[in-house]
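The values are calculated or read from the model by the stated rules, or taken from the named source; none is laboratory data. Everything numeric in this text was worked out from a predicted model, so none of it was measured. As a convention, Cβ positions derive from the backbone with ideal geometry for all residues, glycine included, and neighbour counts pool all protein chains shown. With ligands, DNA and RNA removed, areas are computed over all heavy atoms of the protein, side chains included. Shrake-Rupley method; radii C 1.70, N 1.55, O 1.52, S 1.80 Å.
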Amino acid sequence: MNPANDPGRARRGMLAMRPIAFVVAVAAAGCGKTEPPAPAAGPQAVPSAPAGPAAAPTSTASLDVCGLLPSDRLAAVIPGHDGGSASGDASLLAGVKSLQCNVTAARGNDVDLLTLVVSVASTDALLEQIRPSGSAFDDEDKIAVGDGGWIKRGAGDEVEIVASKGRSVLRLTLLAPAASARADALVALAAVVAARL
């Protein structure tokens, strides 16, 4: 008998096709759903500090980090500034809250940038982990800011100040042409910021 003329073969072929047809029918039925899809799971928020006694002081929750920069002192460091914009409320270390303010000033096609980062430790032990130490700086780089600070001058276009005050550490960085010439004004600004912490 010729396999092409075998009626059982055609029937076996149809039976073999039923599971595939069923899968296609179920998939097609799902395509016509009008319900909105469930929201995609985005990145999960990671608490910056544990709840309870080790949490950061509540005063940092309302801290306006850009408000720590007085406009008149800021203008001496970065003329024509935009007033600053706060970003982030995070930390890489549980029990330490970090806040940042970025201040810019456009000069033609260039932009000067001043960044203030304030990190507040919830315990003295955590403060010891984030406090700047003299081993990272030279003695001649010490400055009278807060409970102690240092200044680091880059290749002329960068000046950075790191200082501590209580359980807070401030880091003030200026990236601009001839930033070194504005170092004294930056130290004065850092002293005002530390006094406001």
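Could you check how many residues of segment 107-124 are within 15 Å of residue 178 (Cβ to Cβ), open to solvent by 40 Å² or more (accessible area, probe 1.4 Å) and either among the charged types (D, E, K, R) or in contact (Cβ under 8 Å) with a residue 60 or more places away in the chain (or both)?
Total satisfying the criteria: 3.
Answer with yes or no whether residue 188 is open to solvent by less than 40 Å² (accessible area, probe 1.4 Å) and under 22 Å from the mean Cα position of the chain (by Cα).
no
All but one of (1) among the small types (Gly, Ala, Ser); (2) open to solvent by 30 Å² or more (accessible area, probe 1.4 Å); (3) free of Cβ contacts under 8 Å to residues at least 24 places away in the same chain hold for residue 148; which doesn't?
All conditions pass for residue 148, except number (2).
Quick check, is residue 139 among the charged types (D, E, K, R), farther than 23 Å from residue 70 by Cα and open to solvent by 40 Å² or more (accessible area, probe 1.4 Å)?
Taking the combined requirement at face value, the residue satisfies it.
Give all pairs with beta carbons closer than 7 Å in which a residue from segment 73-95 that is assigned to a loop (DSSP other than H, G, I, E, B) meets a residue that is among the polar types (S, T, N, Q) and open to solvent by 70 Å² or more (accessible area, probe 1.4 Å); count only pairs at least 6 apart in sequence or on separate chains.
93/129
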